[in-house]
Amino acid sequence: MEKVLKNNQASIIGEVVNPLTFSHEVFGEKFYICQVLVKRLSDVVDYVPVMISNRLIDTNQEFVGKKIEVKGQFRSYNKHEENKNHLILSLFAREIKFCEEEPQGKPNYIFLDGYICKEPVYRMTPLGREIADLLLAVNRAYGKSDYIPCICWGRNARFAGQIQVGSHVQVWGRIQSRSYQKKLEDDQLLQKTAYEVSVSKMECVK
């Protein structure tokens, strides 16, 4: 158990931007989800979905606008809808602290220890920037795994593009949100948000 807690560690500091929404219930424990706005060093912000148990906070209270520090694990699950499986990602909260002022520390940090489970995709942007997409399988307790999309840039992208499926890797970075448009059958555009790990450091484990 200690090992699977260490191989997926994430923490964010930000502001709650919407009310808690009921997600699901497991053995009487109720889970709620909300979005937390996390600032980057630039003017850009990320909206990180956070999954919170009713055993951690009083879910009847209003938290919108409050500063929050969350520590936990970045998890995934497959949601089946419209004959397709959608990978749903959220930060599963293990510790929560509400603050009057902006807490000190890294506002967005994640460490993952897992295995490459899909052929990495290396490409160049129209402006010549190197990018590589990875899908990392990170073991969880009771034989489960989380599947975490990761994106690498520059020299990390070149390195990632050469890694074989099944390789054991460790990555450090931050959780980021990215807006995109999905074209529907009637040519309408649906605004959606993808979540991934932006990798700042990456190593193969031998």
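The values are calculated or read from the model by the stated rules, or taken from the named source; none is laboratory data. What you see is a predicted model; the values in this text were computed from it and never measured. Heads up, the Cβs are rebuilt from the backbone with ideal geometry, glycines too, and the neighbour counts pull from every protein chain shown.
Listing for the model above:
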read-out	value
Residues satisfying the stated conditions in the range 1-47, i.e. among the aromatic types (Phe, Trp, Tyr) and touching a strand residue (DSSP E or B) at 6+ places or on another chain (Cβ under 9 Å)	22, 31, 32, 47
Residue 74 vs. criteria part of a strand (DSSP E or B), over 21 Å from residue 23 (Cα atoms) and either in contact with a Pro (Cβ under 7 Å, 6 or more places away or on another chain) or not assigned by TED's automatic domain parsing to the domain that holds residue 144 (or both)	no
Test result for residue 31, free of Cβ contacts under 8 Å to residues at least 12 places away in the same chain, closer than 17 Å to residue 92 by Cα and assigned to a strand (DSSP E or B)	no
Some residue of the range 37-48 being aliphatic (A, V, I, L, M), in contact (Cβ under 8 Å) with a residue 12 or more places away in the chain and loosely packed, with under 13 Cβ neighbours inside 10 Å	no
Selected residue (criterion: farthest from residue 104 (Cα to Cα)) from residues of the range 1-28 that are in a strand (DSSP E or B) and charged (D, E, K, R)	25
Top-ranked residue of the range 135-177 - restricted to ones that are surrounded by 13 or more Cβ atoms within 10 Å (Cβ to Cβ) and charged (D, E, K, R), ranked as farthest from residue 35 (Cα to Cα)	158
Filter result (over 22 Å from residue 50 (Cβ atoms) and part of a strand (DSSP E or B)) within the range 166-206	168, 169, 170, 181, 182, 183, 189, 190, 201, 202, 203, 204
Residue match in the range 98-111 (condition: in a strand (DSSP E or B), surrounded by fewer than 17 Cβ atoms within 10 Å (Cβ to Cβ) and in contact with a strand residue (DSSP E or B) (Cβ under 7 Å, 6 or more places away or on another chain))	yes
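A quick yes/no check of all residues on (1) closer than 20 Å to residue 201 by Cβ; (2) at pLDDT 95 or above; (3) of a type in the set (Asp, Glu):
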{"position": "155", "(1), (2), (3)": "yes, no, no"}
{"position": "169", "(1), (2), (3)": "yes, yes, no"}
{"position": "174", "(1), (2), (3)": "yes, yes, no"}
{"position": "179", "(1), (2), (3)": "no, no, no"}
{"position": "184", "(1), (2), (3)": "no, no, no"}
{"position": "187", "(1), (2), (3)": "no, no, yes"}
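Listed here are the residues, each with its yes/no results for (1) small (Gly, Ala, Ser); (2) touching a helix residue (DSSP H, G or I) at 6+ places or on another chain (Cβ under 8 Å); (3) closer than 20 Å to residue 107 by Cβ.
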| position | (1), (2), (3) |
| --- | --- |
| 153 | no, no, yes |
| 158 | no, no, no |
| 166 | yes, no, no |
| 171 | no, no, yes |
| 176 | no, no, yes |
| 185 | no, no, no |
| 190 | no, no, no |
